[in-house]
Amino acid sequence: MANIKSAKKRILVTATRTARNKSIRSAVKTSIKKVEAAAAANNKEEAKTALTSAISTISKAAQKGVYHKNNAARKVSRLTKLVNDIA
């Protein structure tokens, strides 16, 4: 365990950031699953609304630095392609 005051603070800050990042990642994964579920059910309208929500969530995560911008762009691209390919 840390004895120095600054090290103790770093431990607290790291724990806070980790919890925040985990929450954001979880929200992104949930939004992706909603799009994939709607696509699997061939429900294009529901998939489109879920896609809009997912893109927003992913973009916010990228802005906050939880995901790299290219990683976020890749996720958005894959989901968009999935929705566009629904018959």
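The values are calculated or read from the model by the stated rules, or taken from the named source; none is laboratory data. Here the structure is a predicted model, which is why all the values come from computation and not from measurement. In this analysis, Cβ positions are derived from the backbone assuming ideal geometry, glycine residues included, and neighbour counts consider all displayed protein chains. These accessible areas exclude ligands, DNA and RNA; they are computed on the full protein's heavy atoms, side chains included. Shrake-Rupley method; radii C 1.70, N 1.55, O 1.52, S 1.80 Å.
Computed values, structure above
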item: First in segment 60-87 and more than 16 Å from residue 22 (Cα to Cα), second anywhere and open to solvent by less than 100 Å² (accessible area, probe 1.4 Å) and basic (Lys, Arg), Cβ under 8 Å, 6 or more apart; result: 83/44; 83/48; 86/44
item: Any hit, segment 32-43, residues being open to solvent by less than 100 Å² (accessible area, probe 1.4 Å) and among the basic types (Lys, Arg); result: no
item: Residue satisfying all of: in segment 12-28; of a type outside the set (Gly, Ala, Ser) and surrounded by 12 or more Cβ atoms within 10 Å (Cβ to Cβ); nearest to the chain's Cα centre (by Cα) among these; result: 28
item: Filter pass, residue 21 being on the phi > 0 side of the Ramachandran plot and in contact (Cβ under 8 Å) with a residue 12 or more places away in the chain; result: no
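Yes/no per residue for (1) of a type in the set (A, V, I, L, M); (2) at pLDDT 95 or above; (3) out of contact with any Pro (no Cβ under 8 Å at 6 or more places or on another chain):
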residue: 3; (1), (2), (3): no, no, yes
residue: 10; (1), (2), (3): no, yes, yes
residue: 15; (1), (2), (3): yes, yes, yes
residue: 22; (1), (2), (3): no, yes, yes
residue: 46; (1), (2), (3): no, yes, yes
residue: 57; (1), (2), (3): no, yes, yes
residue: 63; (1), (2), (3): no, yes, yes
residue: 72; (1), (2), (3): yes, yes, yes
